[in-house]
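All remarks here apply to the structure that follows.
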Amino acid sequence: MKVIRKAKEIQDIATQFKKQNKSIGFVPTMGYLHEGHISLIKAARENDIVIASIFVNPLQFGPNEDYEAYPRDEERDIAKAKEAGVDYLFVPEVTDMYPNEPMVSMKITDRVDVLCGRSRPGHFDGVITVLTKLFHLVQPDRTYFGKKDAQQVAVVDALITELNFPVELVSVPTVREEDGLAKSSRNVRLTKEERANAVHLYQALREGNKLVVNGEKDPSVVISKVKHHIEHHSSGEIDYVEVLSYPALKYIQTIKGRVILAVAVQFKNARLIDNLIIEAEG
């Protein structure tokens, strides 16, 4: 595995592979790699070349979010990426990705005013900006994202579709602990009691899923059931429980087609999200 620091260098490498008709699988991350990231890298091995990136993107941090406090461990990440089968790891500096004051501003106007995007204005503008740059540099045939952050998957889908990127979006199932808790770098911030409670996010989602599978069509009934379970089994404070169409992320009166059932719960030092994508007709 080679570690690349410069944008021009990774672009030149990608260009050479494209000339050789070799397929490129791309896994963009902000580092602090865990099993969820590793599952994306392993999925990307279906390509001839796997490129991953580690870049804590300042554009997607809001004024009340601490960019400097985001967990970083480059040495550990490099070892994990190599072990997982990455061929080229792109680890640029901020000054290389954003050398000048921006002359072009990117803004996404749909799929962002719900779920986590509602409380993080501008966050997904930063996401689509950095991904646009990365897609141009890496020139991937396929890019890999985890279903755990289903809103991000929907936003990337919109970006690829709207700007006609010749990139296939591959969404990979959420990696979970044995008890069902979704893997996340934030889990280490949970107290022992909170960690025991956190498993109920997934259990609540499964209860909601069961209602839909059994024919429930009213989103409010499903939401009420999920909230009730979390409130009675967890010390965390519910940020949201929502049922939306997917990937359009629109509010619905009746559950039909593909929907997302999503939750966010704030514990003392960690905000956890989880979701299930449900086919309402089975």
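Would it be correct to say that V170 is in a helix (DSSP H, G or I) and hydrophobic (A, V, I, L, M, F, W, C)?
Numbers: in a helix (DSSP H, G or I): no; hydrophobic (A, V, I, L, M, F, W, C): yes.
No, not satisfied.
Among the residues of the range 6-29, is any assigned to a loop (DSSP other than H, G, I, E, B), under 16 Å from the mean Cα position of the chain (by Cα), under 26 Å from P99 (Cβ atoms) and modelled with pLDDT of 95 or more?
Here is the first cut: in the range 6-29, the ones assigned to a loop (DSSP other than H, G, I, E, B) are 6, 20-23.
Of the ones still in play, those that are also under 16 Å from the mean Cα position of the chain (by Cα) are none.
The answer is no, given that none of the residues of the range 6-29 is assigned to a loop (DSSP other than H, G, I, E, B), under 16 Å from the mean Cα position of the chain (by Cα), under 26 Å from P99 (Cβ atoms) and modelled with pLDDT of 95 or more.
Conditions tested, residue by residue: (1) at pLDDT below 95; (2) not in a loop (DSSP other than H, G, I, E, B).
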site	(1), (2)
E68	yes, no
E83	no, yes
V86	no, no
D96	no, yes
N100	yes, no
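Looking only at residues that are free of Cβ contacts under 8 Å to residues at least 60 places away in the same chain and surrounded by 16 or more Cβ atoms within 10 Å (Cβ to Cβ) in the range 253-282, which one is nearest to K183 (Cα to Cα)? Reasoning before the result, please.
Within the range 253-282, the subset free of Cβ contacts under 8 Å to residues at least 60 places away in the same chain is 253-259, 261, 266, 279, 281.
Still in the running and surrounded by 16 or more Cβ atoms within 10 Å (Cβ to Cβ): 255, 259, 261.
Numbers: I255: 28, V259: 22, L261: 18 Å.
Step by step, filter the range 253-282, then rank; the result is L261.
Could you list all residues from the range 173-187 that are of a type in the set (D, E, K, R), free of Cβ contacts under 8 Å to residues at least 60 places away in the same chain and either outside any strand (DSSP E or B) or in contact with a Cys (Cβ under 8 Å, 6 or more places away or on another chain) (or both)? Can you show your working first?
Start the filter on the range 173-187 by keeping residues that are of a type in the set (D, E, K, R), which leaves 176-179, 183, 186.
Imposing the further condition that a residue be free of Cβ contacts under 8 Å to residues at least 60 places away in the same chain reduces the set to 176-179.
Passing the criteria: E177, E178, D179.
Run down E242, E279, E237 and say which single residue is touching a Lys or Arg at 6+ places or on another chain (Cβ under 9 Å), of a type outside the set (K, R) and either at pLDDT below 95 or not assigned by TED's automatic domain parsing to the domain that holds D66 (or both).
Working: E242 fails: touching a Lys or Arg at 6+ places or on another chain (Cβ under 9 Å); E237 fails: touching a Lys or Arg at 6+ places or on another chain (Cβ under 9 Å).
Being touching a Lys or Arg at 6+ places or on another chain (Cβ under 9 Å), of a type outside the set (K, R) and either at pLDDT below 95 or not assigned by TED's automatic domain parsing to the domain that holds D66 (or both) holds for just one of E242, E279, E237, which is E279.
Give the residue that is nearest to D66 (Cα to Cα), with candidates limited to residues of the range 256-282 that are in a strand (DSSP E or B) and polar (S, T, N, Q).
Quick first cut of the range 256-282, residues in a strand (DSSP E or B) only: 258-266, 271-279.
Subset that is polar (S, T, N, Q): 266, 275.
Values: Q266: 16, N275: 25 Å.
Only one residue tops the list, namely Q266.
Step by step: first the residues of the range 88-101, then only those that are loosely packed, with under 11 Cβ neighbours inside 10 Å and of a type outside the set (D, E), then the one that is nearest to E74 (Cα to Cα). Which residue is that?
The initial filter retains those residues of the range 88-101 that are loosely packed, with under 11 Cβ neighbours inside 10 Å, namely 95, 99-101.
This time we only want the ones that are of a type outside the set (D, E), so: 95, 99-100.
Values: T95: 17, P99: 22, N100: 25 Å.
Checking each candidate, the answer is T95.
Return the only residue of V138, V156, V104 being surrounded by 21 or more Cβ atoms within 10 Å (Cβ to Cβ), more than 22 Å from A270 (Cβ to Cβ) and without any contact (Cβ under 8 Å) to a residue 40 or more places away in the chain.
Working: V138 fails: without any contact (Cβ under 8 Å) to a residue 40 or more places away in the chain; V104 fails: surrounded by 21 or more Cβ atoms within 10 Å (Cβ to Cβ).
Testing whether each residue is surrounded by 21 or more Cβ atoms within 10 Å (Cβ to Cβ), more than 22 Å from A270 (Cβ to Cβ) and without any contact (Cβ under 8 Å) to a residue 40 or more places away in the chain leaves just V156.
Would you check which residues across the range 92-111 are out of contact with any helix residue (DSSP H, G or I) (no Cβ under 7 Å at 6 or more places or on another chain) and hydrophobic (A, V, I, L, M, F, W, C) and list them? Break it down stepwise before answering.
Quick first cut of the range 92-111, residues out of contact with any helix residue (DSSP H, G or I) (no Cβ under 7 Å at 6 or more places or on another chain) only: 93, 95, 98-105, 109.
Hits for the range 92-111 are M103, V104.
Tell me yes or no: at least one residue of the range 195-213 is of a type outside the set (V, I, T) and part of a loop (DSSP other than H, G, I, E, B). Steps first, answer last, please.
So the first thing to find is which residues in the range 195-213 are of a type outside the set (V, I, T), and the list is 195-198, 200-211.
Subset that is part of a loop (DSSP other than H, G, I, E, B): none.
Within the range 195-213 (the criterion being of a type outside the set (V, I, T) and part of a loop (DSSP other than H, G, I, E, B)), the answer is no, since none of the residues qualifies.
The values are calculated or read from the model by the stated rules, or taken from the named source; none is laboratory data. These numbers come from a predicted model, not from an experiment. Virtual Cβ from ideal backbone geometry, glycine too; neighbours counted across all protein chains shown.
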